[in-house]
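Everything below concerns the one structure shown next.
Where a number appears in this text, it was derived from the coordinates with a stated rule and is not lab data. Just so it is clear, the model here is predicted, and its values are computed rather than measured. Glycine also receives a Cβ, built like all others from the backbone with ideal geometry; neighbour counts cover every protein chain displayed.
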Amino acid sequence: MKLQEYTISKHNFEECMKCTVCTAYCPVLQVNPMYPGPKQAGPDGERLRLKDPYFFNYALKYCMNCKRCEVACPSDVNVADLIQAARIRYDRSKPKLRDRILASTDFMGTLARPFAPVVNGVTRLGVTKSVMDATLKIDHRRSFPKYSSRSFESWLRRHAKEQAAFPEQVAYFHGCYVNYNNPGLGRDLVKVLNALGVGVQLLEKEKCCGIALITNGMSDKATRHATHNIDAIRKAVTDRGLTVVTTSSSCTLTIREEYPNLLGVDNADVRDSVLMATRYIFERLEKGATLRFRTDYHKKIAYHTPCHMERMGWGVFSEKLMRMIPGVEFIQLDSACCGIAGTYGFKKENYEASQAIGAPLFEQIRAVNPDIVACDCETCKWQIEMSTGYTVENPISILADAIES
Ligand code: SF4
Ligand code: SF4
């Protein structure tokens, strides 16, 4: 399969030919009149900002960094990178306490894990939501992801010996979501890779990829995380000869693209060794590996391609894997943003826009009425489950359920 790979950003605003195609694809512009839109916020604004930082517009904070403008642009202008880079360079406002809490996924996970049942119970209470709405401006209509009592890292450490016995190995960048909220997804990945004769190892030590730190105005801390993670990935790739696989499209895009393009952290020597697990698995199957599927698996699956997966052009791997499962009726949902964009949709000022952006997707899911919605992004999962009531699973979990134990 020949892929057109995502091009490294040069913040190439001069290549804008002012066609305005990006404005038609920007989900925020459709629902928020305060937002100037990708063309004005990106290439047009950049010309002015370079003359005088005075022209920086604080309304750029409404950009969700979904990258749909970049997918649409016929001139390959890295519009979203221009906007995020301008926010990093010129925005002098301090992150609010709320933004620090929402962006500290690693820290919050470490705090919450030992008390997971209590935290999960308390965050579901109406009174807790009202207090958080009134004090922190986290919208009371938002549901919070549950924490797990056991981390994925501790589980995999307990199975390190048996994993090391496989003839081939990969390293897994599991991300905060798998470690603190859904270790089951990590175990599902281990099950599928083991069925292919591949063992799974942890990186020496990983930190949160930093995507929420970038979008919440904490780029210094994000840079420290990026430097740490690239060192850990380098040890796995260069010293141990491993491919690094991931199960979150946003973590993957951040490590491969945002680290060099927004944070200036060089990853050129390891970038191509960081892959979504769906791509890694598909490529192994293409080379002749096989998976034994259950004969009693029958599901109607509707696939939502997350925005960052669209940007990487890798939704096709998830799609092809799910289509391989006998007994799956596969439906590709229209390309559309779900509206949550990580921490964006949790903020009171963005809640209405977030739900309005996702409404066409929610409507289509209800019309399709699938058994499962498939999606490679954890925050899309939270948004779709909260807004439609349908269960959302990562394609890796679907694959793990569909293969023989
Ligand atoms: S789509 Fe690309 S070329 Fe067209 S206006 Fe937007 S940035 Fe410029
Ligand atoms: S990244 Fe998304 S929200 Fe931001 S300008 Fe582009 S399309 Fe609009």
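Which lysines have a Cα less than 22 Å from the Cα of LYS221, not counting those fewer than 8 places away in the same chain?
The qualifying lysines are LYS61, LYS94, LYS96, LYS205, LYS207, LYS235, LYS347.
Give me the distance in nm between label points sitting 7 Å out from Cα along the Cα-to-Cβ direction at ARG124 and ALA367, one decimal.
Reported label-point gap for ARG124 and ALA367 is 3.3 nm.
List the residues whose amide H sits under 5 Å from the amide H of ILE331, counting only those 5 or more places along or on another chain, with H placed 1.01 Å from N in the peptide plane.
The answer is ILE301, ALA302, TYR303.
What three numbers, in Å, describe the spread of the alpha carbons of the chain along their principal axes, ordered from the longest?
Computed over the chain, the largest-to-smallest principal extents equal 59, 49, 40 Å.
Nearest-5 percent of antiparallel DSSP beta bridges in the chain?
10
Taking amide H positions as placed in the peptide plane 1.01 Å from N, state which residues far from ASN12 in sequence (5 or more) or on other chains have amide H under 5 Å from it.
ASN78
What's the long-distance tail for segment 299-402, i.e. % of Cα pairs beyond 22 Å?
Here the long-distance tail beyond 22 Å is 24 percent of all Cα pairs in segment 299-402.
Project the alpha carbons of segment 73-228 onto their principal axes and report the range along each, largest first, in whole Å.
Per principal axis, max minus min of the Cα coordinates gives 51, 49, 30 Å.
Hey, what do the phi angles of segment 145-155 turn into as Karplus ³J(HN,Hα) couplings, whole Hz, using 6.51/-1.76/1.60 and θ = phi - 60°, x for Gly and Pro?
Going residue by residue, I get x, 7, 9, 9, 6, 10, 7, 5, 4, 5, 5 Hz, with x marking Gly and Pro.
Which order do GLU206, GLU329 fall in if you start with the one that has the fewest other Cβ atoms within 10 Å?
Ranking GLU206, GLU329 by Cβ neighbours within 10 Å, fewest first, gives GLU329, GLU206.
Give the relative contact order (percent, whole number) for the chain; include only Cα pairs under 8 Å separated by 6+ residues. Walk me through the numbers on the way to the answer.
Numbers: 678 pairs, mean separation 64.0, N = 405.
It rounds to 16 percent for the chain.
What ranking do SER335, SER405, SER249, SER154 get, fewest neighbouring Cβ atoms within 10 angstrom at the top?
On the way: SER335 14, SER405 8, SER249 27, SER154 11.
If I rank by nearby Cβ atoms, fewest first, I get SER405, SER154, SER335, SER249.
Just the Cα atoms of segment 7-83, one point each, no solvent: what log10 I(q)/I(0) does Debye give at q = 0.11, 0.14, 0.22, 0.26 Å⁻¹?
Debye intensities relative to I(0), on a log10 scale: -0.23, -0.38, -0.95, -1.30.
With +1 on the Cβ of every Lys and Arg and -1 on the Cβ of every Asp and Glu, and nothing else charged, how large is the dipole of the chain about its Cα centre, in debye rounded to the nearest 20?
Once rounded to the nearest 20, the dipole reads 1000 debye.
So what is the diffusion coefficient of segment 216-296 in µm² per second by Stokes-Einstein at 20 °C and 1.002 mPa s, using a Kirkwood Rh over Cα pairs?
152
Between LYS205 and THR227, what length comes free when the chain is fully extended (0.36 nm per residue of separation minus the Cα-Cα distance, one decimal in nm)?
Stretched out fully, the LYS205 to THR227 stretch lengthens by 6.7 nm.
Could you work out the local net charge near GLY327, counting Lys and Arg as +1, Asp and Glu as -1, over the other residues with Cβ closer than 15 Å to its Cβ? If you can, show how the numbers build up before the last one.
Values: positive: ARG292, ARG294, LYS299, LYS300, ARG323; negative: ASP296, GLU329, ASP371, ASP401, GLU404.
Net charge in that neighbourhood comes out at 0.
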